[in-house]
1. Take SER187 and tell me if it is open to solvent by less than 40 Å² (accessible area, probe 1.4 Å), at pLDDT below 95 and under 22 Å from LEU304 (Cα atoms).
2. Looking at this structure, is ILE241 within 22 Å of ALA327 (Cβ to Cβ), within 15 Å of the ligand (Cβ to nearest atom), open to solvent by less than 30 Å² (accessible area, probe 1.4 Å) and without any contact (Cβ under 8 Å) to a residue 40 or more places away in the chain?
3. Working only within segment 187-204, note down all residues that are within 16 Å of the chain's Cα centre (by Cα), of a type in the set (A, V, I, L, M) and away from the ligand (no atom under 13 Å from the Cβ).
4. Let me spell it out: the conditions are (1) on the phi > 0 side of the Ramachandran plot; (2) at pLDDT below 95, and ASP255 meets all of them except one. Which number is the exception?
5. Within the group GLY339, GLY324, which residue is farther than 15 Å from GLY212 by Cα and near the ligand (Cβ under 9 Å from one of its atoms)?
6. Output the residue which, of all residues in segment 165-178 that are open to solvent by 20 Å² or more (accessible area, probe 1.4 Å) and out of contact with any Phe, Trp or Tyr (no Cβ under 8 Å at 6 or more places or on another chain), is farthest from the ligand (Cβ to nearest atom).
7. What do you reckon, is GLY349 more than 16 Å from the ligand (Cβ to nearest atom) and open to solvent by 40 Å² or more (accessible area, probe 1.4 Å)?
8. What number of residues within segment 298-321 satisfy the criterion of being within 11 Å of the ligand (Cβ to nearest atom) and farther than 23 Å from LEU355 by Cα?
Amino acid sequence: MSLPQPCPTTPSPAEPLDLAAAAALEGVRGANPLVGAVISGPDGAVLAVGHHRGRGAPHAEADALTRWRAARAQDRALAAVDPAACTMHVTLEPCDHTGTTGPCSLAILDAGLGAVRYAVADATGAEGGGAARLARAGVRVTGPTGHAASAALTDRWRHVRDAGRPWVTAHLAQSLDGQAAAADGTSRWITGPASRAHAHEVRARVDAIVVGTGTVAADDPRLTARDAVGADLTVQPVPVIQGRRDLPAGAALADRADLIHVRSHDPHAVLATLAAHPGPWPHGGSRPGHLLIEGGPHVLGAWLAAGLVDEVFAYTAPLLLGPGLPAVAGLPVGTLAEGLRWAPDPSEGGPVRTLGDDVLFHLAPTAKD
Ligand SMILES: NC(=O)c1ccc[n+]([C@@H]2O[C@H](COP(=O)([O-])OP(=O)(O)OC[C@H]3O[C@@H](n4cnc5c(N)ncnc54)[C@H](OP(=O)(O)O)[C@@H]3O)[C@@H](O)[C@H]2O)c1
């Protein structure tokens, strides 16, 4: 494993939480919140910046501490700075529980930092509560400080957590004229290799992938997460089929012992089936934290119409298909004002990226009034 590059000491920003929030946006959305952390010295100079990279990865505080230690190992002046005179600024209250990583409260105590400032309280029961432990141990704790950019990082994640359902990501691969398939149903491949590689990265994050019976019949997908050379990754999402029809004989998914088939058109029935499933899910735990809707158009339309999609990755290829199959079907939109408008998602490299010849839009639902 390569050591993280030490973070060069930088002058004090007006608000270290601004820097922490910007770092957090480099992470990925999903079952875990976006979190960023900054360690500052006694003069306010920034000594290290860290962020959380998604489930199973170190939390932002642990990432910042690793970078801070690496910087101290290489710089005598930094090594001479008393940790007790340093402050951890973090966008979300440090956790106090052991999941796939250890409690951040203990990591901060172990490092001997004298002060912690956090922007937003973590009210997730056993997973929150790190501030109280730190304060009991004599750390100067300030928070929640109420920082708008930090709150915005976790607003959607909190909403999903409070609703007791998984984070739902939707994919669609479309032509420039908005088709998900040509008139004869062929859709492989509308987008190029770079888009498909990104789509596999997203598959690797999730617990389960939902497709409709129409997509199974047309494409016979395997729904596995694969690496750059096409090999299956060790951890695989559970395939979920939505629709009343049986699988076609010999379908690739028929061999999957973990296949879940929900014979309903209602996305809530899919969520209820997944909630009742005992697990364990591929990324651990007894409930799916992250679900991917891969289409096709009717299933995607149903999830969008139900207001159950938390982010969209729309891969758009410079290709015109003329009469074909619109990427989203069945939305009850009769006039412009009824359209579902989406907002740019600033995380993961920003809302618009080029992937080879394609353009990737990363979108968030617009806030409801
Ligand atoms: N470009 C892309 O990103 C992409 C992705 C996936 C698929 N595709 C293409 O899409 C085409 C298939 O389109 P499709 O619309 O048939 O795919 P689909 O949405 O996967 O399947 C539609 C079928 O799913 C069932 N279903 C489940 N929930 C439904 C709901 N709420 N509303 C309506 N039907 C529901 C129905 O079948 P039952 O009778 O079984 O209930 C329906 O006929 C293929 O050509 C495929 O290549 C493209």
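The values are calculated or read from the model by the stated rules, or taken from the named source; none is laboratory data. Owing to the predicted nature of the structure, the values given are computational and were not obtained by experimental measurement. Every residue, glycine as well, gets a Cβ built from its backbone with ideal geometry; the counts of neighbours run over all protein chains shown. To get the accessible areas, we keep the full protein, side chains included, count just its heavy atoms, and leave off ligands, DNA and RNA. Shrake-Rupley method; radii C 1.70, N 1.55, O 1.52, S 1.80 Å.
1. Yes: the conditions hold for SER187.
2. Answer is yes for this residue.
3. ALA204
4. In the conditions (1) on the phi > 0 side of the Ramachandran plot; (2) at pLDDT below 95, ASP255 misses (1) alone.
5. None of the other options fit; the residue is GLY324.
6. This residue is ARG165.
7. yes
8. Final tally of qualifying residues: 8.
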